[in-house]
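Notes follow the structure.
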Amino acid sequence: MNLRSIISWASALALSGLLSACGGGSTSPSTSAENATTNSTGNATVGSTFVRLIHLNDLHAHMTEHKEKVRYADGSIHIETRGGLPRIATRIQQLRTEQPQSLLMNIGDTYHGGVEALFTNGNAIVDPVDALGIDIGVPGNWDFAYGPQVTRARYNPDFSNADVKSPNFPNLAGNVTFTTPGRRGDPFLPATALYNIGGVNVGLIGITSDIVPRMSEILALGMSFLTARNDYLALINDHARALRAQGATIVVVMSELGIHKDLDLANSIEANAVDVFFSAHTHESTFTPEKTNSGAIVVEAGNDTFLGYMDFEVNNGVVLNKLWSLETIDSTIAPDPSMQALVDLARAPFLDPNVNMSLPSPIAGNTLTAPIDTVVGVTPISLDRRNALENTFNNVMTDSLRQVAGTDIAMTPGFRYDAVVAGEGQIEDNVVASGQVTLEDLYRFFPVPFTLSTAQVSVQRLKEIIENNLTAVFSPNAFSQSGGWFDGFSGLDLSVNLANPDGGKIVDIRLTGDPLPLLDTDILNVAGCSRPIDRDTATTLCSYSGFTGVTSLLHPVTNEAFSPVAFFQYAMENGFVPNTVRHSIVDENLTKMWPNDPFYQPLYGVQ
């Protein structure tokens, strides 16, 4: 019986038996090494056993190395090449050779985030990810983005089909149940697993993102997600107790709720119930573990440009030491040739000069008719989404959109994922950057089947949208946050105080250059995105309701509704992309955020 079958079977029996499992070639009930020498955890106690948990999160379908904005300890920012599955594979192999008693965790947002994933419902990513030798995983919110049929087929063996590739490792998600007739209340995935690693029982609790229904009720069709804080506290406490009763010396939570919610929960669960929360979703890089009231520590390993691992020293059933390391995946690591071959194979169809693909979704008509390394333009300023309140790409996108559409304002979603493109003449990897933007870069910014539209909205409704968005990103109540960063806007001068209570963070709002504040009764013309999965596309823009007169923005040549990728390419080719950096949002609280702070969002919200 393979591990997937064992865990599914054990879940059905409420994990009534102890699991000893072998995954990734490194965990086995028969391996037991007693180390009495100094390990990477420091000075070891005689007779101690060492266990290593390796933490990979938020891959976002990144197969290749790519540019990243890197914050150094002195606060300086550099654009450098990071990541890539071939280098990640090499480092994982090195870590497991160094400590064979290890387990590799993959947490959140794996199969969505780039053009190869978008045009294959994530299938193109599966084989390379499988080759990493992952032992256990947790889906992320974007792994639900291809719709419920693909999600069920990918993760639950009861729904497998030939059109959807499934990972070769089991996944956990204790906060999701079925709502469909005949399966109502059944778990979508097991909540826990128990491994024996070198004679040490390690219990894992898996939690996926709870924002899927808020992304779209269609994506959560047939599934129910826990949302209440108290429900999560009960879930973690109950499963931790059960795992301890089954012999677990180490209990960890693999969570895609994000580090803010994980910190909140870790501070309130039962004392010593959990050793570590391994977080994902929020892309924060914790070089030093966050300590909490319960004794659990909380860590997050950034995104695909990092790899984290924690070494546990265990003696006589007691965890003596926990040492966390967060490493960058950079050019000092040689790429693994076999993984490189898998990546090249997966990407080959997208680099073909004669590429001609359509999205597999029947509700979206996007096509790919040029190789993804096609250069669509040159940018004089760096493009990225590396600020949670206001960033260069969202500003450039909305400025261009407002010009082309001829509207008062424009808006774009506050996605966390992106490409990083250095502006022409700037320095990247210690050389002068070309500023070239490729088709692949654009799909990194918008790996979604959206189109663009114009509409009208009252200022009263716009203020409600902005207030809700500010709460979702900066609330001191972690369970009022809902993922993503602040949306991008053009045409607005916005003053806020992020320390104000939720619902009252706007200080002043007016059209750019207008000396008079806007009135709630004013009606504005707006350009933004339309999603084919929205319930009422006639009144919805960028997932928000309350708009009127929603009309597709048409490409002047093809007369088809612009996709964001097609639009940005058109804007670059026709001189609509601005060549200067602007800042139109003032925070009276002067909240420290990346790069002036190590974290993109304040860990406990803005207070």
### Message
If you average the alpha carbon positions of region 213-240 and of region 350-424, how far apart do those two centres end up, in angstrom?
### Response
32 Å
#### Entry: Per residue, the convex hull volume that the Cα atoms of region 528-586 enclose (Å³)
122 Å³
### Residues 184, 402, 52, 229 arranged by fewest to most Cβ contacts within 10 Å
184, 229, 402, 52
### Task
State, in angstrom, two size descriptors of region 358-417 derived from its alpha carbons: Rg to one decimal place and Dmax to the nearest whole number.
14.5, 38
### Task
At a temperature of 20 °C and a viscosity of 1.002 mPa s, determine how fast the chain diffuses translationally according to Stokes-Einstein, using the Kirkwood radius over alpha-carbon pairs as Rh; express D in µm²/s, rounded to the nearest whole number.
86 µm²/s
### Message
Run the numbers for residue 158 and residue 510: contour at 0.36 nm per residue of separation, minus the present Cα-Cα distance, in nm.
### Response
121.3 nm
### Query
Separation of region 44-81 and region 506-552 by C-alpha centroid, Å?
39 Å
### Message
Tell me the angle of helix 459-474 to the major Cα principal axis of the chain, expressed in degrees between 0 and 90 and rounded to the nearest ten.
### Response
20 degrees
### Task
Compute the Cα gyration tensor for region 3-328, then decide on rounded, prolate or oblate, letting a ≥ b ≥ c be the square roots of its eigenvalues: rounded whenever a/c is under 1.5, prolate when a/b is larger than b/c in the other cases, and oblate in all that remain.
rounded
### Task
Taking the dipole about the Cα centre of the chain, with the C-beta of Lys and Arg at +1 and of Asp and Glu at -1, give me whichever of 543, 355, 226 is farthest to the positive side.
226
### Task
Could you work out the Rg to Rh ratio of region 486-534, with Rh taken as the Kirkwood radius (inverse of the mean 1/r over all Cα pairs)?
1.02
### Query
If you rank 588, 68 by fewest surrounding Cβ atoms within 10 Å, what's the result?
588, 68
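Would you work out the charge dipole size for the chain about its Cα centre, treating the Cβ of every Lys and Arg as +1 and the Cβ of every Asp and Glu as -1, and quote it to the nearest 20 debye? Don't skip to the answer; put the middle values down first.
Details: 35 positive and 63 negative charges, 225 e Å.
Magnitude of the dipole: close to 1080 debye.
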### Task
Just add up the charged neighbours of residue 62: K/R +1, D/E -1, any other residue whose Cβ is under 12 Å from the Cβ of residue 62.
-3
### Task
Would you work out which of 434, 468, 195 lies farthest towards the positive end of the dipole of the chain, given +1 charges on the beta-carbon of Lys and Arg and -1 on that of Asp and Glu, about the Cα centre?
195
#### Entry: Cα-centre dipole for region 393-529 with unit charges at Cβ (Lys and Arg positive, Asp and Glu negative), debye to 20
280 debye
### Task
Measure off 7 Å from each Cα along the Cα-to-Cβ vector at residue 97 and residue 334, then give the distance between these two points in nanometres to one decimal.
0.9 nm
### Message
Take residue 431 and residue 234, extend 7 Å from each Cα along the Cα→Cβ direction, and tell me the distance between the two endpoints in nm.
### Response
5.9 nm
### Message
Need one word for region 199-327: rounded, prolate or oblate. Basis is the Cα gyration tensor (sqrt eigenvalues a ≥ b ≥ c); a/c below 1.5 gives rounded, then a/b vs b/c decides.
### Response
oblate
## Note on the structure
XL table 261/592; 261/322; 69/592; 261/505; 67/322; Cα-Cα > 24 Å flagged, in table order, is 67/322
### Message
Kirkwood hydrodynamic radius, computed over distinct alpha-carbon pairs, for region 352-587: how many Å, to one decimal?
### Response
18.6 Å
### Task
Return the FRET efficiency for the residue pair residue 327, residue 573: r is the Cβ-Cβ distance, R0 is 41 Å, and the value is rounded to the nearest 0.05.
0.50
### Query
Which percent, to the nearest 5, of DSSP beta bridges fully inside region 3-328 are antiparallel?
60 percent
### Task
Quick one: dipole size for region 3-328, taken about the Cα centre, charges +1 on Lys/Arg Cβ and -1 on Asp/Glu Cβ, in debye to the nearest 20.
360 debye
### Task
Arrange 604, 544, 155 by Cβ neighbour counts within 10 Å, fewest through most, would you?
604, 544, 155
### Message
Given points 7 Å out from each Cα along the Cα-Cβ axis, report the residue 551 to residue 245 separation in nanometres with one decimal.
### Response
6.4 nm
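Could you work out the relative contact order of region 257-303, using alpha carbon pairs under 8 angstrom and six or more residues apart, expressed as a whole percent?
45 percent
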### Farthest toward positive dipole pole in region 3-328 [+1 Lys/Arg, -1 Asp/Glu at C-beta], among 237, 46, 269
237
### Task
Would you please state the base-10 log of I(q)/I(0) at q = 0.11, 0.19 1/Å for region 473-587, with intensities from the Debye formula using one equal scatterer on every alpha carbon?
-0.52, -1.36
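Bear in mind that the values in this text are calculations on the coordinates, not laboratory data. Everything numeric in this text was worked out from a predicted model, so none of it was measured. Cβ: placed from backbone, ideal geometry, glycine included. Neighbour counts: every protein chain shown.
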